[in-house]
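Just below is one structure, and these are the notes that go with it.
The values are calculated or read from the model by the stated rules, or taken from the named source; none is laboratory data. Everything numeric in this text was worked out from a predicted model, so none of it was measured. Cβ sites come from the backbone with ideal geometry, for glycine too, and all protein chains shown count toward neighbours.
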Amino acid sequence: MNIQFKKGVLDMCVLAMLREKDSYGYDIADSLSKKIKLADGTVYPILRKLAADGMVCTYLMESQNGPPRKYYHLTEAGKATLDEYIKDWEEFNKVVTGIIGGQDLE
Amino acid sequence: MNKKEYLDLLSKELGSLPYNDVKEITDEIDAHFEMAKQEGKTEEQISDDLGDVHELAKSYINCTPYKLPQVLKDKEPKKKSSIWARVFSVAICCVAVPITFAWIWFDIGIATKIIASSGLFVLRLSNIGHYGDYRFAALMSQIGSIFYVIFLGCLLYFGIRLLLAAGRKFIRFNRKLWTRGF
């Protein structure tokens, strides 16, 4: 898949995954890279940016095996941003589908 | 590339970021390695999956907000002095300056007088023979006087230093009071 397509929607995908449940970096990286073919490392800088922008917050939780894991939790600001993203995405998707399908939306 | 090589290269590439950020990032990627290893992957395989280390470092640097140095922010706003601050400044000058000069007159004046008269002790030392049986006592008394003069000299030295330091502080305090108020 075109890398430019993926880049635009990764923030939205990560936020959407965190809306389902709190999760840790490896889990998000692993499941996202299985669905969308991308490097595992791509997710980490995105999580860092989302945390810096206040979209997610972090906490440490003990794990059964290994050191404590850093969990990410979607904040209220993150939820609002995600709703906006989804709205924009649906609109954009409709328009693009129309254009490539040859339909005249005007 | 094994874990150590990957992390070393990553922290080298992140060189422009503050130390704490680099530490947090490498810890995060380190944790990724450890969790992936538990799933039976080799370090080489994991670093391949993580992707190009230059690309990863670049996206980390792009996503880290640049913090302005503290110096550029919060410049103290200029305050205007009030008439009361200036009146107060003049009033304390009227009190403090005469007191200081009186102190210099009495204290330093007396001390320098005593030090100057130390020459007399030396003079008296030359005709110690006149004291007869009390020669030893006179000698001791005169030596004692010399130490007293040295002690006074030290006091005078530190007194003048203290006076200069206090004077400088007083002038600075008054200037601030005059231009920017309380």
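Only one of (1) closer than 24 Å to A:TYR59 by Cβ; (2) over 41 Å from the mean Cα position of the chain (by Cα); (3) of a type in the set (S, T, N, Q) fails for B:THR26. Which number is that?
Evaluating B:THR26 over (1) closer than 24 Å to A:TYR59 by Cβ; (2) over 41 Å from the mean Cα position of the chain (by Cα); (3) of a type in the set (S, T, N, Q) leaves (2) as the failure.
Within segment A:32-48, track down each residue that is more than 8 Å from chain B (Cβ to nearest Cβ), among the charged types (D, E, K, R) and part of a helix (DSSP H, G or I).
Listed by number, the residues that qualify are A:LYS34, A:LYS35.
Name every residue in segment B:1-27 that is surrounded by 19 or more Cβ atoms within 10 Å (Cβ to Cβ) and without any contact (Cβ under 8 Å) to a residue 40 or more places away in the chain, in order of residue number.
B:LEU7, B:VAL22, B:ILE25, listed by residue number.
Residues being loosely packed, with under 13 Cβ neighbours inside 10 Å and either hydroxyl-bearing (Ser, Thr, Tyr) or within 14 Å of A:TYR24 (Cβ to Cβ) (or both): count how many of those fall in segment A:64-95.
Qualifying residue count for the region: 4.
Hey, can you tell me all the residues within segment A:1-31 that are within 14 Å of chain B (Cβ to nearest Cβ), among the aliphatic types (A, V, I, L, M) and farther than 21 Å from B:ASP27 by Cα?
Across segment A:1-31, the qualifying residues are A:ILE3, A:LEU10.
Residue-wise test of (1) at pLDDT 90 or above; (2) touching a Lys or Arg at 6+ places or on another chain (Cβ under 9 Å).
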residue	(1), (2)
B:LEU17	no, no
B:ASP30	yes, yes
B:GLN45	yes, no
B:ASP48	yes, no
B:THR112	no, no
B:GLY119	no, no
B:SER126	no, no
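So, in segment B:123-182, how many residues would count as being within 27 Å of B:THR112 (Cα to Cα) and either touching a Cys at 6+ places or on another chain (Cβ under 6 Å) or not β-branched (Val, Ile, Thr) (or both)?
The number of residues fulfilling the criteria is 34.
Please state which of the following conditions B:ALA96 fails to meet, knowing it meets all the rest: (1) modelled with pLDDT under 85; (2) within 20 Å of B:LEU177 (Cα to Cα).
(1)
With under 15 Å from the mean Cα position of the chain (by Cα), more than 9 Å from chain B (Cβ to nearest Cβ), under 27 Å from B:ALA36 (Cα atoms) and part of a helix (DSSP H, G or I) as the only criterion, which of A:ALA77, A:ALA51 stands out?
Unique residue meeting the criteria: A:ALA51.
I'd like the residue in segment B:18-44 that is more than 11 Å from chain A (Cβ to nearest Cβ) and not in a helix (DSSP H, G or I) and, out of all such residues, is nearest to A:TYR44 (Cα to Cα).
Restricting to residues being more than 11 Å from chain A (Cβ to nearest Cβ) and not in a helix (DSSP H, G or I), the top hit is B:PRO18.
Return the residues of segment A:13-48 that are surrounded by fewer than 17 Cβ atoms within 10 Å (Cβ to Cβ), farther than 18 Å from B:MET35 by Cβ and without any contact (Cβ under 8 Å) to a residue 60 or more places away in the chain; say none if nothing qualifies.
A:GLU20, A:LYS35, A:ILE36, A:LYS37
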